[in-house]
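In what follows, a structure is listed as structure tokens, so that the remarks can point back to it.
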Amino acid sequence: MENVIFFETITQPKSILSIIPVLLIILVLLGLFIGIIFAIKNTSISINEKDIVIKSFLYGRKIPINDVLLNEVQTINLKQNNDFNVSIRTNGIGLPNFLSGWMRLNKGQKALAFLTDKENVLLMPTKDFILLFSMEKTEEFITKLNGIK
């Protein structure tokens, strides 16, 4: 066994102020984590007279109904239709069974995605991007959207 000739630990901070940046980083990360959990549970889509309103933690927005290409809105299964699968996440959150934010699709289109279930997805093209939204009642949503014309 070797004899230790010298041993010392790292010098401890002399002031609490030196750990404030670390605490701030931890608080920001905790806030993002809580926000992501909130987004998974509380992302919603609704229609009013003029807009489609998406409420989400970071990527919510209002889309004017006039910007929607109504004749192209449809229900798709992303497990069977690879044309609209996400190829690159450009600004978004990706977790197992949860994808939210801006993406590029396999054919290069810009998309705003809110996906939890790939089998029942609303595909809603707009003038500027494609909206992908997992929902149970896609056909009912499409019927209500077409009724606003």
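Under the condition of being of a type in the set (Lys, Arg) and closer than 22 Å to residue 138 by Cα, which residue from segment 106-122 is surrounded by the most Cβ atoms within 10 Å (Cβ to Cβ)?
Of the residues in segment 106-122, the ones of a type in the set (Lys, Arg) are 107, 110, 118.
Then keep just the ones that are closer than 22 Å to residue 138 by Cα; that gives 110, 118.
Details: 110: 13, 118: 19.
By that ranking, first place goes to 118.
Before we move on, is residue 27 more than 24 Å from the chain's Cα centre (by Cα) and among the hydrophobic types (A, V, I, L, M, F, W, C)? Reasoning before the result, please.
Values: more than 24 Å from the chain's Cα centre (by Cα): no; among the hydrophobic types (A, V, I, L, M, F, W, C): yes.
For residue 27, the condition - more than 24 Å from the chain's Cα centre (by Cα) and among the hydrophobic types (A, V, I, L, M, F, W, C) - is not met.
Return yes when residue 103 is at pLDDT 90 or above, within 19 Å of residue 40 (Cβ to Cβ) and surrounded by 13 or more Cβ atoms within 10 Å (Cβ to Cβ) and no when it is not.
On the way: at pLDDT 90 or above: yes; within 19 Å of residue 40 (Cβ to Cβ): yes; surrounded by 13 or more Cβ atoms within 10 Å (Cβ to Cβ): yes.
The answer is yes for residue 103.
Pick out the one residue from 15, 87 that is within 23 Å of residue 106 (Cα to Cα) and of a type in the set (Gly, Ala, Ser). Break it down into steps so the answer makes sense when it comes.
Values: 15 fails: within 23 Å of residue 106 (Cα to Cα).
That would be 87, the only listed residue that is within 23 Å of residue 106 (Cα to Cα) and of a type in the set (Gly, Ala, Ser).
Need at least 2 residues that are among the polar types (S, T, N, Q) per element, so show me which strands (runs of 3 or more DSSP E) inside segment 41-149 make the cut, counting only ones lying wholly within it. Outline the logic, then answer.
Working: elements: 44-47, 51-55, 61-64, 74-76, 86-95, 98-105, 110-115, 121-125, 130-134.
In segment 41-149, the matching strands (runs of 3 or more DSSP E) lie at 44-47, 74-76, 86-95.
May I ask you to list pairs of residues, at least six apart or on different chains, whose Cβ atoms are under 7 Å apart, with the first in segment 68-87 being more than 19 Å from residue 99 (Cβ to Cβ) and the second being among the polar types (S, T, N, Q) and surrounded by 12 or more Cβ atoms within 10 Å (Cβ to Cβ)?
68/126; 69/126
Restricted to segment 88-100, and to residues that are more than 8 Å from the chain's Cα centre (by Cα) and within 18 Å of residue 35 (Cα to Cα), which residue is modelled with the lowest pLDDT?
That would be 95.
Just a yes or no: is a residue in segment 36-48 touching a Pro at 6+ places or on another chain (Cβ under 8 Å), hydrophobic (A, V, I, L, M, F, W, C) and either surrounded by 14 or more Cβ atoms within 10 Å (Cβ to Cβ) or at negative phi (or both)?
To start, the set of residues in segment 36-48 that are touching a Pro at 6+ places or on another chain (Cβ under 8 Å) comprises none.
No, there is no match, as no residue in segment 36-48 is touching a Pro at 6+ places or on another chain (Cβ under 8 Å), hydrophobic (A, V, I, L, M, F, W, C) and either surrounded by 14 or more Cβ atoms within 10 Å (Cβ to Cβ) or at negative phi (or both).
The values are calculated or read from the model by the stated rules, or taken from the named source; none is laboratory data. Computed from a predicted model, the values in this text were never measured in an experiment. Note that each Cβ is placed from the backbone with ideal geometry, even for glycine, and that neighbours are counted across all protein chains shown.
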